[in-house]
Amino acid sequence: MNILDQIQVNFQNFFESEKKIAEFILKNPKMVIDMPIALLARNSNVSEASISRFCKKLNLTGFHQLKIELARIQDNENIKVNKNTSLNELIRNISKIKTTELVAATDNLDIDNLESIIKLITNGKLIHFVASGNTIPVANDASYRFNQLGITSVVFDDWQVQTAFTLNMRKEDLLIVISNSGESKSLIKLINIAKGKKIPIISITNHPDSPIARLSNFHLTSFSRDYFFHNDYYFSRLSAMYLIELIFLILSQDKSRLENIKLHEQIISEAKL
């Protein structure tokens, strides 16, 4: 995980002054490399002391190390998006950013953690995927794919239905929570219900220190680089869907699960012209 990813992942945990610094760095990583600390402070509308504290929070020795870490990043050096960007440039930049998201998600994987997650999924009697807002399509896709594998999975768009179903779950089941911010109050309520019933919880969020991540037994971190395009919108479904796809493809290596997929495809193919 490079320094830009660390800043993005920890964004929700920053104080307001630190968020100002983070926003400027995320938008202008190459510019910051050549900036003195006083100039970054002026552009971020914060004090130099705030920048020093910001660096310490990222486990850096100081501003100089921050600039070194930014200089090491090659993939993002030439990414510039503004109103004068041509369609061809925009397409190339989007491709580069989305590729970086997937690479970051892969590089951040802890194999022991992933093995534990796969074991839970394999041994679970039933998987309940829950999400809200932008992440609902990811949960829908996940449930569809896992059912293809022969792993009984359910998903519901309505929170009241999610709640009713969670109340009927057993400790042999598994709750998988997908959330951008990791701060959804409705999803946290579902997690607390599951924890009370000793149901294992896996979460996928952009923030490993978010409330949902901390409440989960296991967590996977998704990444978003949409800050190159928007000031306030930081969520990309691609990384979360990739993590689901990754687990799906790993599980599909089992011959019996592959046979389930083939049978499913054969049955639905009969409904096509």
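The values are calculated or read from the model by the stated rules, or taken from the named source; none is laboratory data. Computed from a predicted structure; not experimentally measured. Positions of Cβ are generated from backbone atoms using ideal geometry, with glycine treated the same way; all protein chains shown enter the neighbour counts. Ligands, DNA and RNA are stripped out before the accessible areas are found, and what is left, the full protein with its side chains, is counted by its heavy atoms. Shrake-Rupley method; radii C 1.70, N 1.55, O 1.52, S 1.80 Å.
Go ahead and run the numbers for FRET between residue 185 and residue 144, Cβ-Cβ distance against an R0 of 22 Å, rounding to 0.05. Show your work: numbers first, answer last.
Details: r = 27 Å, r/R0 = 1.22.
Approximately 0.25, to the nearest 0.05.
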*Determine ³J(HN,Hα), in whole Hz, for all residues of the range 33-50 in sequence, where each value follows from phi through the Karplus function 6.51 cos²θ - 1.76 cosθ + 1.60 and θ = phi - 60°; x replaces Gly and Pro.*
4, 9, 9, x, 4, 5, 6, 5, 4, 5, 5, 8, 6, 9, 8, 5, 4, 5
_Order by protection proxy (mean Cβ within 10 Å, highest first), peptides 203-212, 166-175, 20-29_ = 203-212, 20-29, 166-175
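Leaving out ligands and nucleic acids, and using a 1.4 Å probe, what accessible area per residue does the chain come to in Å²?
Values: 14120 Å² over 273 residues.
The answer is 52 Å² per residue.
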*asked:* Once neighbouring chains are kept in place and the probe is 1.4 Å, which whole percent of the accessible area of the range 3-78 is contributed by carbon and sulfur?
replied: 49 percent
*Spatially proximal aspartates and glutamates relative to residue 56 (Cα-Cα < 19 Å; intrachain offsets below 8 disregarded)*: 5, 16, 18, 23, 48, 69, 209
*asked:* Counting just the Cα atoms, what span does the chain cover along each of its three principal axes? Round to the nearest Å and put the largest first.
replied: 62, 47, 33
*Which ³J(HN,Hα) values, rounded to whole Hz and listed in residue order, are derived for the range 54-65 from phi using the Karplus coefficients 6.51, -1.76 and 1.60 in 6.51 cos²θ - 1.76 cosθ + 1.60 with θ = phi - 60°, glycine and proline given as x?*
4, 5, 4, 5, 8, 6, 9, 5, x, 4, 4, 5
_Cα-Cα over 26 Å, subset of 20/195; 98/195; 119/255; 125/255_ = 20/195; 98/195
*Intensity falloff of the range 3-78 expressed as log10 I(q)/I(0), Debye formula with alpha-carbon point scatterers, at q = 0.12, 0.18 Å⁻¹*: -0.26, -0.62
*When N counts the residues of the range 66-188, how does its alpha-carbon radius of gyration compare numerically with 2.2 N^0.38 Å, as a ratio?*
1.40
_Amide H within-cut-off set for residue 219, under 5 Å, with H built and near neighbours excluded_ = 203
